[in-house]
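None of the figures in this text is laboratory data; all of them are computed from the coordinates on show. From a predicted model like this one, the values you see are computed outputs, not experimental measurements. We place every Cβ from the backbone using ideal geometry, glycine too, and count neighbours over all the protein chains shown.
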Amino acid sequence: MHNTKTIQLNIKNYAKKGEASSFFTSDLYLLILGLAAALAWSYNKPLYTYIFFALIIILITFTQKTLTGTIPIILLSTFVFPDQQALLSQQTIFSIVGLFLVFGLCAIFHIIKYKRKFKYPMSTIGFIALFISAFFAGITTPNHFGSAQWLLGVGTMGGLLISIFILSIAIGEYNPLFTAKCFVTLALLMIVQIFVYLLKQDNILSSISYKTMYLGWGIGNTAAQILAQSMPFVLYAMCKSKHFSMLFLLVFILSGVAIITTLSRAVMLSTALFAIPMIVYSLRLSVKPLLSTIYFIALSAGVFLLIFNLYNDEFKFVLNKLLSTGFSDHGRIRLWKLAIEVFKSHNKFFGAGYVYGSALTLEGDYFITWYHNLFLEILANMGLLGITAFLIHLIQKLYYTLKRHTKFALSAFWSLCIMALFGLLDITYFQPSFLIPMLIIYLVTQNGAKLKTPIPQDELLV
């Protein structure tokens, strides 16, 4: 049985050969989960996949001393729906609630069975502060305190605290390579969904231009955001690979192509600014730097030529669209000004209230409640108290990311930087599609920062 008392930075063999626990951290296991999620999305049968996922969670709970194998299930579970409309069905709501209820009960059982002790560490101060901010947000705004919007804010931030508690049980070990491969699986699922969706459209150009894509928990922007969040960990998996670096590089390149097809300007800009240093340094850190570099150049050229030859018109169209409209085609600057006005016209300490100030009057139903800037959103809705709490959280994330100078920590740093810049152009923290991967990255990085053992040679930054 897998020994959870010994935690190491680099674990080449997660369990002795023949033990069941090795399967739940294997590439085959991730492949099976990824296929299950992809098939559920393709054939619109999420209920069967949720039952399958729930059974695996129960199996892991009763046979393993660690719940590490549940990480990819939680990571993939919200992306098995064909479109946003599917989320409105009773079956979907029942499936989501049911799976996470099973996971929560199994986590509690795991605590009792192995007599695990848990207390909120200092690293959760930022999350607790955000919950307090959401609770007091808008108390001076008429009819807001106690309203549905207020309950949504308290529920969202309270859910963060509960999620930290439950996920910290599942992520009790530090297994960076397995975590990275979980994000590789997620990236592959997003790539498949994006390309399959586009190939099914009668007019690909029209679909790209009008951003008609609806996938899982959100639109194409959401899928692009998930890919950008995952790409640094795809490169980490490449760094650690001796035989499959070409495969991981291909996933990385296809992730970039998929992001372009979503026409998500915020994701493209935030990723592009860090792309060169992220790629160059990752290739340098790889097991075979020269060979990995040759692979990357050859694959990039091959994918570019293939797309250019097969989809020449679409390629030129997307390029012209970006050059002609820039990064503010949806009125971001006007929304930012509106957020500042909301902040000025309400209680500056407590804000106007969670998701206050619908922007429907600006762009029809394009903008429901967001100001397309995470920091301004928090400032307008939760005031100085909220933005202070959020900055405390960001500082804590940055601290735990930089505390341990390892390859995995560097990948987490790239992901943090990309998402922080993306937050200046759009919203992240109020979406489950961002929160679940973010919490997994946060807790794994924190576990690595707590280790007292020396950093193994193959985890050192060169």
Exercise. Could you estimate the translational diffusion coefficient of the stretch 200-332 from the Stokes-Einstein equation, with Rh from the Kirkwood formula over C-alpha pairs, at 37 °C and 0.692 mPa s, in whole µm²/s?
Key: 207 µm²/s
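Only counting other Cβ atoms within 10 Å, I'd like Val184, Val154, Val97 sorted with the fewest neighbours first.
Listing Val184, Val154, Val97 from fewest to most nearby Cβ atoms yields Val97, Val154, Val184.
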Exercise. Would you kindly state how much longer the chain becomes between Tyr281 and Thr140 on full extension, computed as 0.36 nm times their sequence separation minus their alpha carbon distance, in nm to one decimal?
Key: 45.8 nm
Quiz item: Tell me, what is the FRET efficiency for Leu319 and Tyr210 to the nearest 0.05, using R0 = 22 angstrom and their Cβ-Cβ distance as r?
Solution: 0.80
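Here is the link list: Lys200/Lys316; Lys115/Lys450; Lys407/Lys450; Lys45/Lys181; Lys316/Lys407. Which ones come out longer than 27 Å on Cα distance?
Check vs 27 Å cut-off fails for Lys316/Lys407.
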Self-check item: Cα→Cβ-extended label distance, 7 Å offset, between Val257 and Leu39, nm
Solution: 2.6 nm
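Kirkwood hydrodynamic radius (Cα pairs, Å) of the stretch 202-246?
That comes to 12.6 Å for the stretch 202-246.
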Self-check item: Mean Cβ count within 10 Å, highest first, over the residues of peptides 102-110, 219-227, 290-298
Solution: 219-227, 102-110, 290-298
Quiz item: In what order do Tyr214, Tyr354 fall by count of nearby beta-carbon atoms within 10 Å, going from fewest to most?
Solution: Tyr214, Tyr354
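Suppose the chain between Phe62 and Lys452 were pulled fully straight at 0.36 nm per residue; how much longer would it get relative to their current alpha carbon spacing? All intermediate terms of the calculation are to be shown ahead of the outcome.
Numbers: separation 390, 0.36 × 390 = 140.40 nm, distance 3.02 nm.
Roughly 137.4 nm would be gained on extension.
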Quiz item: In whole Å, how far is the Cα centre of the stretch 183-261 from that of the stretch 275-297?
Solution: 20 Å
Exercise. Using 0.36 nm per residue of separation minus the Cα-Cα distance, give me the extension gain between Ile125 and Ala298 in nm, one decimal.
Key: 57.6 nm
Quiz item: At what distance in angstrom do the alpha carbon centres of the stretch 143-167 and the stretch 388-418 lie from each other?
Solution: 24 Å
Quiz item: Cβ under 12 Å from Lys181's Cβ, Lys181 left aside: what net charge do those residues give with Lys, Arg +1 and Asp, Glu -1?
Solution: 0
